[in-house]
Amino acid sequence: MPSTATHPSPLTPVRPASTALLAFIRGFGQVDLQPAVATGVLFLAALWVADWTVGLFAVIGTAVSTATAAVLGVDRGAIAQGLHGYSGCLTGIALVTYLGNHPSTYLLAVLGAILCPLLGAALTTLLGPYGLTPLTAPFCLVSGVMVLGAPSFDRIWHGSPAALADTTARVDMLTWGDIRRAFFSNVSQIFLVQEWQVGLIMLLGLTFAGLRVVGFAALGSMVGILTAWALGAPNTLIAQGIYGYNAVLVAIAVGAVLLAGTVPNGLYALFGAAAATGLTAALTTLFKTFGGHTFTWPFILTTWVLMAAVPGLPRLRPARAPAPSGDPVAVPGPSPLPERHPR
């Protein structure tokens, strides 16, 4: 995607510390597929507002994962855009959420963050021939395995602070208060945080990524709410963002990053957001049978299917596909680097 950023002169000295810091900050924004530095800063601030342990483990996961990619010699451009920090960020948050704040959790967070770039590289190799990218699959695999296996080890398992969502709870009337909380919680639950105030800060952060990005985030949240309500989901879970966070991610990924800004593409993205909402309930029920966690699997699977279908759907156009006139399609939304590599 074309960038409006100014490039430093060849004579400008490179500052590794500044480069590393920017890569670290972008890792938080890349959870929502956005490399804007301001987005990353506000996301990080929101996580500390949620709870200091959430903020700390997010920092540990992002820093270790990014550093591991650098040590392994991963492409510097990808590291600079934060593409090797976001899975580590989510892994750190997931581990402290489900295993609690214990010394063993810190060790697991570091180990999990180290594993994320390795799995990311493996999945990139496997999915590359199909034109797909790992998205948040490294986080889901690492965190899912660690949390699932934790009860078998006394030095790791200290009881579960977070219970699985009950998708069969009683259905009540959805109030305006529920809708307001759900709208913002759908954004914060991407980071496994329930507080709607955190989602408000994060939605503000997405405004710095561009109007198209924040617009699809908002539309995805509303589609998630409406779909869950239409299907008769429990209002308490809708309000907590349990049903809508995957819808937000799908809407951003398909509508604002991976496909060009056309009406058919936008409708396709919102259809995906609705599908991810239903898939969230199905996968939650499936994982509950063996004590697993849904995480962002509905987003991953929905996005993979939607993007795999694009080559066979002529009305849909990838973000960098040539326009009918032969001119390149300009994707709205500034990028701080020459290219934005989709995850």
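The values are calculated or read from the model by the stated rules, or taken from the named source; none is laboratory data. Because the structure is a prediction, the values reported are computed rather than measured. Please note: Cβ atoms are built from the backbone with ideal geometry, for glycine as well, and neighbour counts cover all protein chains shown. Accessible surface is based on the protein model in full, side chains and every heavy atom, while ligands, DNA and RNA are left aside. Shrake-Rupley method; radii C 1.70, N 1.55, O 1.52, S 1.80 Å.
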Exercise. Dipole size in debye (nearest 20) for the chain around its Cα centre, Lys and Arg Cβ +1, Asp and Glu Cβ -1?
Worked result: 420
Problem set entry | Percentage relative contact order, the chain, counting C-alpha pairs under 8 Å, at least six apart | 20
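Ignoring ligands, DNA and RNA, what percent of the 1.4 Å accessible area of the range 166-236 is carbon and sulfur? List each step's numbers first, then the result.
Numbers: 2330 of 3300 Å².
The value for the range 166-236 is 71 percent carbon and sulfur by accessible area.
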Problem set entry | At least 15 Å along the helix axis (C-alpha) and Kyte average at least 0.5, DSSP helices within the chain | 16-29, 37-50, 52-71, 86-99, 103-127, 137-149, 196-207, 211-230, 263-288, 297-309
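How long is the gain from residue 126 to residue 71 if the chain were fully straight, where each residue apart is worth 0.36 nm and the alpha carbon distance is subtracted? Intermediate results must be reported in sequence, preceding the final value.
Values: separation 55, 0.36 × 55 = 19.80 nm, distance 2.23 nm.
Gain in length upon complete extension: 17.6 nm.
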Problem set entry | Farthest positive-ward along the chain dipole, Cα basis, beta-carbon charges - from 84, 213, 309 | 309
Exercise. Of all the C-alpha pairs in the chain, what % are more than 34 Å from each other?
Worked result: 20
Seminar exercise, completed: Under 5 Å from the placed amide H of residue 259, counting only residues 5+ away or on other chains, we find 319
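Taking only protein heavy atoms and a 1.4 Å probe, what accessible area per residue, in Å², does the range 173-294 have with all protein chains in place?
Details: 4410 Å² over 122 residues.
It amounts to 36 Å² per residue over the range 173-294.
Between residue 236 and residue 290, take the C-beta separation as r, use R0 = 22 Å, and let me know the FRET efficiency to the nearest 0.05. Don't jump to the answer; show the numbers that get you there.
Values: r = 24 Å, r/R0 = 1.11.
Rounded to the nearest 0.05, the efficiency is 0.35.
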